[in-house]
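**Student:** Take this structure first; my questions come after.
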Amino acid sequence: QVQLVESGGGLVQPGGSLRLSCAASGFIFSKYAMSWYRQAPGKERELVAAITSAGGATKTADSVKGRFTISRDNAEDTVYLQMNSLKPEDTAVYYCIKQYGRWFNSGLDSWGQGTQVTVSS
């Protein structure tokens, strides 16, 4: 059974940093692309960043480009989202997602429970 457990969210001041982690289990982690999505109150879920199964390629939403970095450790079955220069508009619930295949366009399979990130002074 696929399990995705996010951690690392919390309250941070504008300009601060957080690193989200997603510990995966129940599947062969190194065979699947992974993504981070977020959903702010009253808004639709949006892609934040994605990474291919081997970690050789990533894509990042324009809204976070240059500030957020996705990475993965296939030896630890964990995907990360490093978030720097946080802004109030980054406030959202962040979700870790396992995709159906090795590449970005493989579709979204399983979701974690989400972790709240709040950027406020």
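**Student:** Six or more apart or on different chains, Cβ atoms under 8 Å: show the pairs whose first residue is in the range 104-121 and in contact (Cβ under 8 Å) with a residue 40 or more places away in the chain and more than 21 Å from ASP90 (Cβ to Cβ) and whose second is assigned to a strand (DSSP E or B) and open to solvent by 60 Å² or more (accessible area, probe 1.4 Å).
**Tutor:** Close Cβ pairs (under 8 Å, with a partner that is assigned to a strand (DSSP E or B) and open to solvent by 60 Å² or more (accessible area, probe 1.4 Å)) amount to PHE104/LYS59.
**Student:** Just to verify a result, which residue in the range 55-93, among those that are part of a loop (DSSP other than H, G, I, E, B) and among the charged types (D, E, K, R), is farthest from SER106 (Cα to Cα)? It would help to see each step written out before you state the result.
**Tutor:** Of the residues in the range 55-93, the ones part of a loop (DSSP other than H, G, I, E, B) are 55-57, 61-67, 74-77, 84-87, 91.
Keeping just the survivors that are among the charged types (D, E, K, R) gives 62, 65, 67, 76-77, 87.
Values: ASP62: 21, LYS65: 22, ARG67: 25, GLU76: 23, ASP77: 19, LYS87: 30 Å.
The residue in question is LYS87.
**Student:** Take the residues in the range 94-121 that are small (Gly, Ala, Ser) and outside any helix (DSSP H, G or I); name whichever of them is nearest to ILE28 (Cα to Cα).
**Tutor:** Taking the range 94-121 first, the residues small (Gly, Ala, Ser) are 101, 106-107, 110, 112, 114, 120-121.
This time we only want the ones that are outside any helix (DSSP H, G or I), so: 101, 107, 110, 112, 114, 120-121.
Numbers: GLY101: 11, GLY107: 17, SER110: 13, GLY112: 16, GLY114: 21, SER120: 38, SER121: 41 Å.
So, considering only residues that are small (Gly, Ala, Ser) and outside any helix (DSSP H, G or I), the one nearest to ILE28 (Cα to Cα) is GLY101.
Per-residue answers, yes or no, for (1) at pLDDT below 95; (2) over 13 Å from the mean Cα position of the chain (by Cα); (3) open to solvent by 50 Å² or more (accessible area, probe 1.4 Å); (4) within 21 Å of GLN3 (Cα to Cα):
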| residue | (1), (2), (3), (4) |
| --- | --- |
| ILE28 | no, yes, yes, yes |
| ARG38 | no, no, no, yes |
| GLY66 | no, yes, yes, no |
| LEU86 | no, yes, no, no |
| TYR100 | no, yes, yes, yes |
| VAL119 | no, yes, no, no |
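**Student:** Next question, about the same structure. Provide a single number: the residues in the range 6-20 that are in a strand (DSSP E or B), surrounded by fewer than 19 Cβ atoms within 10 Å (Cβ to Cβ) and in contact with a Ser or Thr (Cβ under 9 Å, 6 or more places away or on another chain). Before you say what the answer is, go through the steps one by one.
**Tutor:** Going residue by residue through the range 6-20, those that are in a strand (DSSP E or B) are 6-7, 10-12, 18-20.
Going one step further and asking which of them are surrounded by fewer than 19 Cβ atoms within 10 Å (Cβ to Cβ), we end up with 7, 10-12, 19.
Narrowing the set further to residues that are in contact with a Ser or Thr (Cβ under 9 Å, 6 or more places away or on another chain) leaves 7, 10-12.
Residues in the range 6-20 being in a strand (DSSP E or B), surrounded by fewer than 19 Cβ atoms within 10 Å (Cβ to Cβ) and in contact with a Ser or Thr (Cβ under 9 Å, 6 or more places away or on another chain): 4 in total.
**Student:** Then there is this: Quick one: would you say ALA23 is under 18 Å from SER7 (Cα atoms) and surrounded by 15 or more Cβ atoms within 10 Å (Cβ to Cβ)?
**Tutor:** On the way: under 18 Å from SER7 (Cα atoms): yes; surrounded by 15 or more Cβ atoms within 10 Å (Cβ to Cβ): yes.
Yes.
**Student:** Here is a further query. When the residues of the range 44-59 are filtered to those that are touching a residue at least 12 places away in the same chain (Cβ under 8 Å) and surrounded by fewer than 19 Cβ atoms within 10 Å (Cβ to Cβ), which remaining residue is nearest to ARG72 (Cα to Cα)? Write out each step before concluding.
**Tutor:** Step one: filter the range 44-59 for residues touching a residue at least 12 places away in the same chain (Cβ under 8 Å), giving 45-55, 57-59.
Subset that is surrounded by fewer than 19 Cβ atoms within 10 Å (Cβ to Cβ): 45-47, 54-55, 57-59.
Details: ARG45: 22, GLU46: 20, LEU47: 17, ALA54: 8, GLY55: 6, ALA57: 11, THR58: 10, LYS59: 13 Å.
This residue is GLY55.
**Student:** Check ASP62 against each of (1) touching a residue at least 12 places away in the same chain (Cβ under 8 Å); (2) within 17 Å of GLU44 (Cα to Cα); (3) open to solvent by 80 Å² or more (accessible area, probe 1.4 Å) and name the one condition it does not meet.
**Tutor:** It is condition (1) that ASP62 fails.
**Student:** Restricting to the range 68-84, give me the number of residues that are farther than 16 Å from ILE28 by Cβ, open to solvent by 20 Å² or more (accessible area, probe 1.4 Å) and in contact (Cβ under 8 Å) with a residue 24 or more places away in the chain.
**Tutor:** Let us first name the residues in the range 68-84 that are farther than 16 Å from ILE28 by Cβ, namely 68-71, 80-84.
Within this subset, residues satisfying the condition of being open to solvent by 20 Å² or more (accessible area, probe 1.4 Å) are 69, 71, 80, 82, 84.
Now restrict to residues that are in contact (Cβ under 8 Å) with a residue 24 or more places away in the chain: 80, 82, 84.
Total satisfying the criteria: 3.
The values are calculated or read from the model by the stated rules, or taken from the named source; none is laboratory data. Being a predicted model, the structure only gives us computed values, none of them experimental. In this analysis, Cβ positions are derived from the backbone assuming ideal geometry, glycine residues included, and neighbour counts consider all displayed protein chains. The accessibility values were calculated without ligands, DNA or RNA, using every heavy atom of the protein model including side chains. Shrake-Rupley method; radii C 1.70, N 1.55, O 1.52, S 1.80 Å.
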